[in-house]
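Reviewing the structure listed below.
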Amino acid sequence: MARDIINVQYPTLDHTESVANIGITKTTVTQANGITIADAFSNKNNSLFIVIDNTNTSSLLTVKSGDAYPNSMLGDIVIELPAGVSAIQLQDLSRFEKADGSIDLDFASGFTGTIFAIAKWAGVREV
């Protein structure tokens, strides 16, 4: 299966470094393809949020187990997506992380909607 790839969107600090703003770009989900979130766990700070707008009736989302850490043996996890907007935060990152730092998501048949991923920027800025 050729997955659609999205990137994590990070905030941009204003000139005072006191306020951060994220300009959101949504991606329409092609249910048959599934989604890969590239570099989803590159910052390792547990701030990743996956936001899904389910424009149909309730559906299911499968968060695929990864291949980078031993606890991926716990397998995939399936969660319910009610109609409307859901914000999902993964707490056991290593369960889902693939060796390249990405994560895969599958959507149940009939799903329609959009997705985006955001995270807090972490690390030291260049001077």
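The values are calculated or read from the model by the stated rules, or taken from the named source; none is laboratory data. For clarity, every value in this text was computed on a predicted model and none was experimentally measured. Glycine gets a Cβ as well: all are built from the backbone with ideal geometry, and neighbour counts include every protein chain shown.
Structure notes:
- Restricted to segment 85-105, and to residues there that are of a type in the set (A, V, I, L, M) and in a loop (DSSP other than H, G, I, E, B), the residue that is farthest from residue 42 (Cα to Cα) is 90.
- Candidate set from segment 89-116 (those that are of a type in the set (A, V, I, L, M) and at pLDDT below 95); member that is surrounded by the fewest Cβ atoms within 10 Å (Cβ to Cβ): 99
- Which listed residue is more than 13 Å from the chain's Cα centre (by Cα), more than 27 Å from residue 2 (Cβ to Cβ) and in contact (Cβ under 8 Å) with a residue 12 or more places away in the chain, from 99, 83, 108: 83
- Selection status of residue 20, among the aliphatic types (A, V, I, L, M), touching a residue at least 40 places away in the same chain (Cβ under 8 Å), under 18 Å from residue 119 (Cα atoms) and surrounded by fewer than 15 Cβ atoms within 10 Å (Cβ to Cβ): yes
- Subset of segment 23-59 [closer than 11 Å to residue 116 by Cα, touching a strand residue (DSSP E or B) at 6+ places or on another chain (Cβ under 6 Å) and either among the aliphatic types (A, V, I, L, M) or free of Cβ contacts under 8 Å to residues at least 12 places away in the same chain (or both)]: 24, 29, 35, 37, 50, 51, 52
- Residue-level check: of (1) farther than 17 Å from residue 7 by Cα; (2) loosely packed, with under 15 Cβ neighbours inside 10 Å; (3) in contact with a strand residue (DSSP E or B) (Cβ under 8 Å, 6 or more places away or on another chain), residue 62 misses just (2).
- Residue count, segment 55-81 (criterion: in a loop (DSSP other than H, G, I, E, B) and under 18 Å from residue 30 (Cα atoms)): 5
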